[in-house]
Structure formats: structure tokens, C-alpha cells
Amino acid sequence: MELWVTEQQNENVNFTCRVKNTIYSGKTDFQEIAVLETEYFGKMMILDGVIQTTTFDEYIYHEMIVHVPMLTHPEPKRVLVIGGGDGGSVREISKHSCVTKINWVDIDAKVIEACKTYLPEWNPMIKDSEIVELKIEDGLKHMKEVKNQYDVIIVDCSDPVGPGEMLFTYEFYKDIHGALKEDGLFVQQTESPFYHRDLIKRIHKDVSAIYPITRLYTANIPTYPSGLHCFTIGSKKYDPMIPARTPDFETRCYTTETHRAAFVLPKYVAELVK
């Protein structure tokens with residue numbers, strides 16, 4: 001019997017792909033988790049029925065959410081990751097030789113453990129690193145407790161439902177502002193410009209009310225809703241449209257040209273953030 005997995009991307013659209021086998025399936029205190037082996041996309045991690053990442057295209061997402069803000073800052077030394085249980089963002093941050101400390105905060109230890117066990121090839125940094133400090137706690141709580149500590153904050157969260165819902169609020173963006181140093185910046189994945197237009201408008205309005213520089217950029221990620229994904233940056237000083245550094249490490253997606261081009265928005269996307 002053929003096995004297929006289906007994600008409902010909105011009330012009228014489903015995304016379906018063929019599955020070879022189920023590697024792992026379980027339930028945490030916060031969500032349901034599955035790791036599947038698919039025919040086309042390789043290994044796939046799903047939380048609460050929503051595709052989070054796949055072998056096929058995870059490098060696009062992780063390089064674009066990390067290297068755009070990291071290379072906007074001239075010398076980020078201390079970096080925070082909120083979420084990112086698969087470890088891909090931590091992996092990419094660790095490529096920057098200027099980084100001396102990565103604080104990694106995730107609410108769900110079982111997701112991290114599942115990725116460490118079943119997706120170890122994605123991120124060796126998920127196991128042991130001298131510069132990575134992992135805390136299992138609520139990112140909202142952590143943001144309220146720290147002040148003026150981070151150069152860059154990466155909010156690598158799931159969709160704005162369930163455990164991730166409160167990570168898309170004005171109050172949270174305000175707390176991030178307080179946790180950043182005087183020239184710090186943050187980035188958050190902010191969904192699809194086709195399916196989440198109202199969300200993108202609201203986030204841009206909230207971030208713009210707090211940060212002097214707010215930018216939206218895009219990347220093409222095949223397994224995410226509609227294939228076109230958005231990221232929002234709030235910066236205290238540096239304009240992310242102008243990279244301050246070039247990578248001195250290997251990448252599969254990111255280039256300086258790709259960095260600049262990501263901020264050249266199609267008119268229908270630019271209209272969301274006018």
C-alpha cells in the first residue's frame with residue numbers, strides 16, 4: 001500500500017508527497033513530531049502536521065535566515081537562536097569565525113533529541129560544541145530576563161499556532177529590542193506572501209514601530225507553503241540591504257549577490273510592507 005503525507009497549507013490547498021517509511025513518530029508535551037523518509041525530499045521533519053524541514057531544501061532556509069542578518073553585522077560575537085530544534089541555524093552560525101558564543105533556547109527538548117537521534121547528519125553542532133549553550137526553556141521568558149546581550153537574534157520558530165503563536169507579537173519584538181546590544185538586529189521567519197498576507201502586514205507594522213530599520217526579504221523554498229518564503233529583519237543600526245562582510249566559508253545557496261537580490265521585492269510583496 002502506498003503511503004503519502006499531506007500538509008494542509010491553507011483551507012483550500014494541500015501539499016502531498018510520497019513516503020518511503022516512518023523513521024520516528026511521537027508526542028511531546030507541546031506537539032506531535034514525525035520524522036519521515038520521503039521519495040523525493042529525503043528525510044522530512046513534521047510538527048503538528050506541518051512540514052518544518054527536509055533534506056532536499058533545508059540548506060536554503062537555514063543559510064538565508066542566518067547569513068543575511070549575520071553578514072549584515074560587521075562583527076557579531078554573541079548570537080541567540082530561539083527555536084531551531086533541528087539545529088540547522090546553529091550549524092550555520094558556527095561557520096562565522098567571529099562568533100564566540102551561541103545561546104540556543106528551545107522549549108521542546110524532545111524535538112532536539114529526535115533530531116539528534118534521527119537527523120544527525122544535518123548538524124554536528126547539535127551534539128557538542130564549546131561555544132554553544134543550549135537551554136530548554138520558553139523563548140518568551142528568556143527574552144524578558146536578558147538585556148543588552150546579543151549582537152544578532154535568530155527567531156527560527158514554527159508557524160504562529162500552538163507553541164509558536166506568542167513569538168509573533170508586538171510584546172515579543174519589544175523584548176527582543178531590549179535583549180539586543182545598541183547596534184543589534186534580529187530576524188524571524190514570517191511565512192508566505194501568498195497565504196499569510198495579513199500576518200506579514202501586521203508583523204511589519206509591529207517591528208517598524210520599534211526598530212528604526214525594518215526590512216522584508218524572500219527566498220524560494222520548495223517545501224514551504226507556495227514555495228516563496230518571507231523573513232523580517234528589525235535592526236537598530238545596520239541596513240540589511242548592504243552586507244558588511246562576505247562569507248569566508250562554503251555555502252550552497254547564499255552569495256553576496258543573493259543577499260542583495262533577496263530584498264528586491266516583487267510589487268505584490270512590496271505592497272504588503274508599504
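Please count how many residues of the range 4-30 are among the aliphatic types (A, V, I, L, M) and assigned to a loop (DSSP other than H, G, I, E, B). The number of residues fulfilling the criteria is 0. Would a scan of the range 71-81 turn up a residue that is in contact with a Pro (Cβ under 6 Å, 6 or more places away or on another chain), outside the structural domain of VAL111 (by TED's automatic domain parsing) and in contact (Cβ under 8 Å) with a residue 12 or more places away in the chain? No: zero hits.
Taking the range 152-188 as the range and being among the polar types (S, T, N, Q) and under 20 Å from TYR238 (Cβ atoms) as the test, only GLN188 passes.
The residue list VAL146, VAL155 contains one member that is in contact with a helix residue (DSSP H, G or I) (Cβ under 7 Å, 6 or more places away or on another chain), within 24 Å of ILE51 (Cβ to Cβ) and β-branched (Val, Ile, Thr), which is VAL155. Taken together, the criteria place HIS62 among residues that are under 14 Å from the mean Cα position of the chain (by Cα) and assigned by TED's automatic domain parsing to the domain that holds LYS181.
Checking each residue in the range 79-133 for being of a type in the set (A, V, I, L, M) and surrounded by fewer than 18 Cβ atoms within 10 Å (Cβ to Cβ) picks out ALA109, ILE131. Take ILE33 and tell me if it is surrounded by fewer than 24 Cβ atoms within 10 Å (Cβ to Cβ), in a strand (DSSP E or B) and touching a helix residue (DSSP H, G or I) at 6+ places or on another chain (Cβ under 6 Å). Answer is yes for this residue.
The values are calculated or read from the model by the stated rules, or taken from the named source; none is laboratory data. Predicted, not measured: the structure shown is a model, and the values here were computed from it. Methodologically, a virtual Cβ is constructed for each residue, glycine included, from the backbone with ideal geometry; neighbour enumeration extends over all protein chains shown.
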